[in-house]
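The values are calculated or read from the model by the stated rules, or taken from the named source; none is laboratory data. Note that the structure is a prediction, hence the values are computed from the model and not measured. Cβ placement follows ideal geometry from the backbone for every residue including glycine, while neighbour counts extend to all protein chains displayed. What goes into the accessible areas is simple: the full protein's heavy atoms, side chains included, and nothing from ligands, DNA or RNA. Shrake-Rupley method; radii C 1.70, N 1.55, O 1.52, S 1.80 Å.
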Amino acid sequence: MKISGVSLAVVATLMCFSSGPSAAVSGGPTAQIRGHVAEMYRLVSNASEGSGADSQAAVRKVADRMFDWPEMARGALGKHWQERTPAERDEFVGLFAAVFERAYLSKIQLADAEHFTYLGDTIEGEHAKVRTTVTAKNGSVIAVDYRTRVGEGGSWRVYDLDAEGISLVGNYRTQFNSIIVRSSYSELVKRLKAARESHSGG
């Protein structure tokens, strides 16, 4: 799927600062996010040292535990979600997750893992926002907020991220809506599948 340069930059930046939780979930939202980031960078480091296939599979498992894919996909599709059948929704969730992971794996090196600052979290009921700043390798400092919701076992799962006030899910929603309105939902699915296959073949 072709995404504009600005959109891809936003997606890539957001994803560079996100990762899945470790097997044992403990602590509040900030503690979990801190652990998730450390684990993701360890896995990516292993991939760069020659264990690429195994590390990539591990990264995907971590992401599956970290992100609330159905909620993120629903938000990204917006009003068009209601028009989809259960089978179409299941397919879209899988495609969305694949595209999200692809952007992450290709752009993770943009961030400097040693320069994350955790500013605390705000918990309101089952929702929490974890505030952080990240220093990228080019020296720029970016404010990143993780929007999470607590699930079974006390695991805080991410359903959206904001970088400098820009919502990842909202960014995708704008793009997806434009494709559907100007063409069709089938065209969107076609592009997502092409993006997924491109990554699989690479």
Kindly evaluate Val169 against the criterion of being of a type in the set (A, V, I, L, M), open to solvent by less than 30 Å² (accessible area, probe 1.4 Å) and modelled with pLDDT of 85 or more. yes
Take residues that are out of contact with any Leu (no Cβ under 9 Å at 6 or more places or on another chain), surrounded by fewer than 18 Cβ atoms within 10 Å (Cβ to Cβ) and at pLDDT below 90 and tell me which of the strands (runs of 3 or more DSSP E) falling wholly in the stretch 70-155 contain 3 or more. 111-124
Within the stretch 15-68, track down each residue that is modelled with pLDDT under 75, over 17 Å from the mean Cα position of the chain (by Cα) and not in a loop (DSSP other than H, G, I, E, B). Ser45, Asn46, Ala47, Ser48, Gly52, Ala53, Asp54, Ser55
Is it the case that some residue within the stretch 181-193 is open to solvent by less than 30 Å² (accessible area, probe 1.4 Å) and either within 16 Å of Gly35 (Cα to Cα) or part of a strand (DSSP E or B) (or both)? no
With the requirement that a residue be in contact with a Lys or Arg (Cβ under 8 Å, 6 or more places away or on another chain) and either among the hydroxyl-bearing types (Ser, Thr, Tyr) or over 17 Å from Lys193 (Cα atoms) (or both), what does the stretch 75-104 give you? Gly75, Gly78, Trp81
Apart from one, (1) exposed (fewer than 15 other Cβ atoms within 10 Å of the Cβ); (2) at pLDDT 95 or above all hold for Phe176; the odd one out is (1)
Scan the stretch 132-149 and report the pairs whose first residue is closer than 15 Å to Thr30 by Cβ and whose second residue is β-branched (Val, Ile, Thr) and exposed (fewer than 14 other Cβ atoms within 10 Å of the Cβ), with Cβ atoms within less than 7 Å and a gap of 6+ or a chain change. Thr132/Thr117; Thr133/Thr117; Thr133/Val141
